[in-house]
Amino acid sequence: MEDSNMTLNKKYLPTWESIRTHELPKWYDDAKFGIFIHWGLYSVPAYAPPTGELGSVDWSKWFYMNPYAEWYLNSIRLKSGDTWEYHKKKYGENFDYELFSYMWKAERWNPNEWAQIFKEVGARYVVLTTKHHDGFCLWPSRYTEYNSYLRGPKRDIVGELTNAVRSQGIKMGLYYSGALDWRFTEEPITSLGDLLYIRPQTYAYADYAYNQVMELIDRYKPSILWGDIGWPEKGREDLKYIFAHYYNTVPEGVVNDRWDGVWKDFSTKEYQFSVSPIQGKWEMTRGIGFSFGYNANEGPEHIISEKDLVELLVKTVANGGNLLLNIGPRADGTIPELQLQRLRQLGDWLRINGEAIYGTKPWIKTESKTLEGNSVCFTSKDNNLYVIVLGPAERKTVTLDEFIIGKDTRIQMLGVTQTLDFEYDAEAGRLTINLPEDYQKMVACAIKITSDEFNNR
C-alpha cells in the first residue's frame, strides 16, 4: 500500500526524464479485455466496400478500396472507387460531408444500456473515439462548434457514456485523432506516405489539438489516453506537457504508442497478429468485421467467428497483451445484432473461463500442441497454471509433453466442479488429462493445474 501511495502522490514534471518514470498500472495489465467504440458522422452513410482485413489488401490499393467506414470522407475525396460511386448515387456528388452533422440524431441511444452490455460481456475498460479524422467532436468542446452538443444528437456523448461506464465499475478511456483532422486539409490520402505529410501543418492547429486533449483530460479524467496516427509536428514538444498533466491528473492512467513514438505505456497492433513481436505490454485492436465504424455492407461472411474471436483473445493474453475489440454502432445508437452476438458469445465464454484470462501473466511457454493435435495456450496466476485448449477436440484426452508437476497436484476444468482424472509419467514428463464428455462441444476450454511445482523442461 505504501508503494501505491507513493505512486499516486508522485508529481510528474514536463520533461521526458520525469515522464519515463511512469510505470504501467496493475489494473491495465490485469484487465485483458476492453471495448473500442467508433461512432460518429460516418455512421450515417455507414458505407465501405468489405474488401478484407487490414494487411490483406495491398497498400497501393488500400485507400481506394478502404473497408474502414470511418474513412468515408477521405474515400469520397478520392473521386474514385466504390464509396465515391455510392455517395454520388445516394447523396449527390456535391453533397458536403459536414451535412451529416445535422442528419446524425442518435435517437435510440441509451448509454446505460451500452454500459450494461459491456459489463455483461466481461469488458474491463472502454475506449471511445472523441474525435476521429473527420474532425467532428463528441463533446461540447469550447474550441469548436463542430460537435455533438451543438449539432445532430445535441448531447455530450463523451460525458454521458463516461458516467454510464464508470457506474458499472468499468474504466473509461478516450481516443483522440491528433495528427489527422480533415477539416484542416483538403487533399485525399492515397498512400502510407501521404499519412506523414497530408496533415494540418500550422501552429494554430497544433494549439487546437493541444487545447482539446487538455480539455478532455480536465473534463473527463480518462483512464486511457489513446492517440492515433501521430501528433502535429509543430506541437511535438507539447506532448511532454500533455503527458505530465495527464499523469498528475490521472496517476493510474495509461498512454498508447501512437504519438509519433515519443512515449508509451503500451504498444498497439491493428488486426495483424504474431506471437511476440513487441517488447513490453501491448494491445491488439480490431473490429468484429473489417471496419471499425458501422458498415451496413458487412454480413455474416465478413464477421470474425466465435471460435476465432475466443482464440484471438486467448493468444493475445497468453503473449502478454490485451484485446481491445471494436464495435461500430448504427447512427441511431443501436449496436448491430451480428456484433452483439459475438460480444455475448465472448462474454459467455469469459463467464466460465475468465479466471484463466483476467489478472494472469504469460507463462514460460506461451503456446504448444497436445499429442492429440490441439493447439494450447498457457497463462499463470499465483501457483496455478492454466492450459487453454483450443477446440473443438476429437479426443477425450489432453496430453502434454515436457511437463513437471509436483506430488500434490489438482487438475480441474473451469466451469466443472469435480476434479479431472489424470496420469503423469514423471520419467517422460508426460501429463495426460481425461476430459469430461461435453468438452467436444466447446470452442475452447481452460484447464487449471494447481501444483507446488509446474515448469517447462
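Would it be correct to say that GLU252 is in contact with a helix residue (DSSP H, G or I) (Cβ under 9 Å, 6 or more places away or on another chain), under 28 Å from LYS365 (Cβ atoms) and modelled with pLDDT of 95 or more?
In short, no.
Go over the candidates LEU180, LEU161 one by one and state the one that is in contact with a Lys or Arg (Cβ under 7 Å, 6 or more places away or on another chain), closer than 20 Å to LEU41 by Cβ and among the hydrophobic types (A, V, I, L, M, F, W, C). Break it down into steps so the answer makes sense when it comes.
On the way: LEU161 fails: in contact with a Lys or Arg (Cβ under 7 Å, 6 or more places away or on another chain).
Checking each option against the conditions leaves just LEU180.
Which condition from (1) in a helix (DSSP H, G or I); (2) of a type outside the set (S, T, N, Q); (3) more than 23 Å from THR129 (Cβ to Cβ); (4) in contact (Cβ under 8 Å) with a residue 40 or more places away in the chain is the one that LEU313 breaks?
Condition (3) is where LEU313 drops out.
Condition check ((1) free of Cβ contacts under 8 Å to residues at least 12 places away in the same chain; (2) assigned to a helix (DSSP H, G or I); (3) surrounded by 15 or more Cβ atoms within 10 Å (Cβ to Cβ)) across all residues:
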site: LYS11; (1), (2), (3): no, no, no
site: ILE35; (1), (2), (3): no, no, yes
site: GLY52; (1), (2), (3): no, no, no
site: PRO67; (1), (2), (3): no, no, yes
site: TRP84; (1), (2), (3): yes, yes, yes
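Please enumerate the residues belonging to segment 298-316 that are within 22 Å of SER267 (Cα to Cα) and β-branched (Val, Ile, Thr).
Within segment 298-316, VAL310, VAL314, THR316 meet the criteria.
Could you tell me which residue of segment 130-149 is surrounded by the fewest Cβ atoms within 10 Å (Cβ to Cβ), considering only residues that are of a type in the set (S, T, N, Q) and in a loop (DSSP other than H, G, I, E, B)? Show your work before the answer.
Within segment 130-149, the first condition is being of a type in the set (S, T, N, Q), and the residues that meet it are 130, 141, 144, 147-148.
Those still in the list that are in a loop (DSSP other than H, G, I, E, B) too: 141, 144, 148.
Numbers: SER141: 22, THR144: 17, SER148: 25.
Result: THR144.
Pairs under 8 Å by beta carbon, first residue in the same structural domain as TYR72 (by TED's automatic domain parsing) in segment 181-201, partner hydroxyl-bearing (Ser, Thr, Tyr) and in a loop (DSSP other than H, G, I, E, B), six or more apart or different chains?
Correct list of pairs: ARG183/TYR146; PHE184/THR202; THR190/TYR64; ILE198/THR185; ARG199/THR185; PRO200/THR185.
Which of the residues that make up segment 409-432 are without any contact (Cβ under 8 Å) to a residue 24 or more places away in the chain and surrounded by 14 or more Cβ atoms within 10 Å (Cβ to Cβ)?
VAL416, PHE422, TYR424 - these are the residues of segment 409-432 that are without any contact (Cβ under 8 Å) to a residue 24 or more places away in the chain and surrounded by 14 or more Cβ atoms within 10 Å (Cβ to Cβ).
Could you tell me which of the residues GLY152, GLY92, GLY159 is buried (at least 18 other Cβ atoms within 10 Å of the Cβ), in the same structural domain as TRP182 (by TED's automatic domain parsing) and not hydroxyl-bearing (Ser, Thr, Tyr)?
GLY152
Please determine whether any residue of segment 437-444 is in a loop (DSSP other than H, G, I, E, B) and either hydrophobic (A, V, I, L, M, F, W, C) or in the same structural domain as ASP30 (by TED's automatic domain parsing) (or both). If you could, list the steps in order and put the result at the bottom.
Quick first cut of segment 437-444, residues in a loop (DSSP other than H, G, I, E, B) only: 442-443.
Checking the rest, the ones that are also either hydrophobic (A, V, I, L, M, F, W, C) or in the same structural domain as ASP30 (by TED's automatic domain parsing) (or both) come to 442-443.
Within segment 437-444, one or more residues are in a loop (DSSP other than H, G, I, E, B) and either hydrophobic (A, V, I, L, M, F, W, C) or in the same structural domain as ASP30 (by TED's automatic domain parsing) (or both).
So VAL127 ticks every box in (1) in contact with an Asp or Glu (Cβ under 9 Å, 6 or more places away or on another chain); (2) closer than 30 Å to VAL310 by Cβ; (3) not in a loop (DSSP other than H, G, I, E, B) but one. Which box is left unticked?
Evaluating VAL127 over (1) in contact with an Asp or Glu (Cβ under 9 Å, 6 or more places away or on another chain); (2) closer than 30 Å to VAL310 by Cβ; (3) not in a loop (DSSP other than H, G, I, E, B) leaves (1) as the failure.
Report yes if THR360 is over 30 Å from THR51 (Cα atoms), at pLDDT below 95 and touching a helix residue (DSSP H, G or I) at 6+ places or on another chain (Cβ under 7 Å), otherwise no.
no
Does ILE404 meet the test of being of a type in the set (Val, Ile, Thr) and modelled with pLDDT of 95 or more?
So ILE404 fails the test.
The values are calculated or read from the model by the stated rules, or taken from the named source; none is laboratory data. As the structure is a computational prediction, the values presented were derived from the model and not from experiment. Reconstructed Cβ throughout: ideal geometry from the backbone, glycine too, with neighbour counts over all protein chains shown.
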